[in-house]
Amino acid sequence: MSEVMVLGAGMVGVSTALALQAAGRAVVLVDRQDPGRETSYGNAGIIQGEAVEPYGLPRDLVSLWRIVLGQDNAVSYHLNALPSHLEVLWRYFRASAPARHRHASQTYAGLIQRATNDHAPLIAAAGADKLIRRDGFRTAARSERPFAAQVAEAERLERSYGVRISVMDGDALAAAEPALKLRFAGAIHWHDGWTCSDPGALVAAYADLFRARGGKIASADAMLLQQDGAGWKLGPHQAADVVVALGPWSPMLLARFGYRIPLLRKRGYHRHFRGGATLDLPMMDTSIATVLAPMATGLRVLTGAELARPGAPPTPRQLARAETAAREILDLGDQVELQPWMGNRPCMPDMIPLVGQAPRHRGLWFHFGHGHQGFTLGPTTAALLAEHMSSGRAPIPALDPARRTG
Ligand SMILES: Cc1cc2nc3c(=O)[nH]c(=O)nc-3n(C[C@H](O)[C@H](O)[C@H](O)COP(=O)(O)OP(=O)(O)OC[C@H]3O[C@@H](n4cnc5c(N)ncnc54)[C@H](O)[C@@H]3O)c2cc1C
């Protein structure tokens, strides 16, 4: 019998398995497919050392009105999805109020600022250095006014948190990224980020490391989890403790045990392009809220957030706009996939992941809700969870699930 079962082999689950293994526990990692094939595959691959403040809901009327009118490509929504999201959006809106957002940012910054250090030993031990660059990434603005606002915001983060930035004018950006056809007003170079050329492959490399260190990986449907005396059972697997790290699917399993988890699933899309121009470093074109990330498969064009009903078919309107805008700045070449990839960012309305013991079940542990930064934070919150499970004490009480579940 394994001591711990970890459900979900995305960045969060694989990191959990490694951290518990390092703490001396016998671990079985369970997924219904190979490690790193879902959200942890499809992201922008940035280990975001600069993302010290979580992504709040805009609260000013101009920004909200632009979202309502569909003028902001960062956010899109299906009208028929709003009734089912009202409660979670209201919580998100309240948590994004300046004082509460500042408070959440204190916790968040503490996690983010250690993230690259927590990835570093795993990257080295997994032999994954070839997937990683440590040169940061850029956010670029096409016109002067938004650029000035972005510089002011970046300088605020530099002053408040010590985030390392360089401000580049249009000429400096053109020199750094010679494939750009359009002259931008300028860019912020965020130096604290590391970038990965194949996020799914990094998770798979971490999973191989877990296996090489004696861990077991099993294929099963986590929805079949059952309580079994004082422990837990899933098919042939039994364990005293079980960690739910199913990313956006976590609330579905936990509903079976009576937990009502308010999780906002923010959809995102990507598609790759190959055979044309590419970039040296990932870049966000802020005029259209699109990240362009050079990847092993080609240049990955990614979108912001879409709110849709669970199970609603893909509606990649933001991606279509992003691709049109990307063609204005680069000769993209040919699209690699006919159908774009779609996934869901698992976002807690208070922007802080749930990391710790389930309020009403012994041996049940939550580890999900990493929102926009789960690829970054997996190893960090995994180390904190392993410490909690070993010591019986939550190292960061603000992550405790008891506060945010019904
Ligand atoms: C467009 C986009 C861009 C992003 N860019 C970044 C970025 O640059 N940097 C960053 O830090 N984050 C980024 N993110 C967020 C990040 O990708 C997620 O926060 C992170 O991948 C979540 O990891 P996870 O392990 O919790 O979930 P997942 O990676 O989704 O893993 C969950 C696992 O659970 C498994 N599972 C689900 N149901 C079952 C079941 N019934 N039985 C068995 N297994 C099951 C799945 O197969 C999957 O392997 C981005 C997200 C999107 C959508």
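The values are calculated or read from the model by the stated rules, or taken from the named source; none is laboratory data. All of these numbers come straight from a predicted model, not from anything done at the bench. Heads up, the Cβs are rebuilt from the backbone with ideal geometry, glycines too, and the neighbour counts pull from every protein chain shown.
Note on region 168-246: enclosed strands (runs of 3 or more DSSP E) holding 3 or more residues that are in contact with a helix residue (DSSP H, G or I) (Cβ under 8 Å, 6 or more places away or on another chain) are 186-190, 241-244.
Being closer than 12 Å to residue 371 by Cβ and not small (Gly, Ala, Ser) is the filter here, so list the residues in region 38-52 that pass it. Steps first, please.
Initial filter on region 38-52 (closer than 12 Å to residue 371 by Cβ): 39, 43, 48, 51.
Of everything in region 38-52, those that are closer than 12 Å to residue 371 by Cβ and not small (Gly, Ala, Ser) turn out to be 39, 43, 48.
So if I check each of 402, 394, 386, which one is in contact with a helix residue (DSSP H, G or I) (Cβ under 9 Å, 6 or more places away or on another chain), in a helix (DSSP H, G or I) and aliphatic (A, V, I, L, M)?
Being in contact with a helix residue (DSSP H, G or I) (Cβ under 9 Å, 6 or more places away or on another chain), in a helix (DSSP H, G or I) and aliphatic (A, V, I, L, M) holds for just one of 402, 394, 386, which is 386.
Among the residues of region 75-95, some residue qualifies, meaning at least one is more than 16 Å from the ligand (Cβ to nearest atom), touching a residue at least 40 places away in the same chain (Cβ under 8 Å) and not in a helix (DSSP H, G or I).
Among the conditions (1) surrounded by 24 or more Cβ atoms within 10 Å (Cβ to Cβ); (2) at pLDDT below 95; (3) touching a Lys or Arg at 6+ places or on another chain (Cβ under 8 Å), the only one that residue 401 does not satisfy is (3).
Apart from one condition, residue 4 fits all of (1) more than 10 Å from the ligand (Cβ to nearest atom); (2) surrounded by fewer than 16 Cβ atoms within 10 Å (Cβ to Cβ); the exception is (2).
Pairs linking a residue in region 243-261 that is within 23 Å of residue 343 (Cβ to Cβ) to a residue that is aromatic (Phe, Trp, Tyr) and more than 9 Å from the ligand (Cβ to nearest atom), with Cβ atoms under 8 Å and 6 or more positions apart or on different chains, are 243/365; 243/366; 244/365; 244/366; 250/366; 251/259; 254/366. Going through (1) assigned to a loop (DSSP other than H, G, I, E, B); (2) touching a helix residue (DSSP H, G or I) at 6+ places or on another chain (Cβ under 8 Å) one by one, residue 70 falls short only on (2). Among what's in region 286-329 and is of a type in the set (S, T, N, Q), within 27 Å of residue 83 (Cα to Cα) and within 19 Å of the chain's Cα centre (by Cα), pick the residue that is farthest from the ligand (Cβ to nearest atom). Checked region 286-329; the qualifying residue farthest from the ligand (Cβ to nearest atom) is 318.
A count restricted to region 115-148 and to residues that are among the small types (Gly, Ala, Ser) and farther than 18 Å from residue 201 by Cα stands at 6. If the condition is being under 30 Å from residue 195 (Cβ atoms), hydrophobic (A, V, I, L, M, F, W, C) and in contact with a strand residue (DSSP E or B) (Cβ under 9 Å, 6 or more places away or on another chain), then region 75-119 contributes 75, 115.
Give region 263-278 a look and list any residue that's part of a strand (DSSP E or B) and either touching a residue at least 60 places away in the same chain (Cβ under 8 Å) or within 13 Å of the chain's Cα centre (by Cα) (or both), or say none.
The answer is 264, 265, 266, 267, 268, 269, 270, 271, 272, 273, 274.
The conditions of being outside the structural domain of residue 190 (by TED's automatic domain parsing) and buried (at least 24 other Cβ atoms within 10 Å of the Cβ) are not met by residue 42. Here residue 332 qualifies as of a type outside the set (Ser, Thr, Tyr) and in the same structural domain as residue 80 (by TED's automatic domain parsing).
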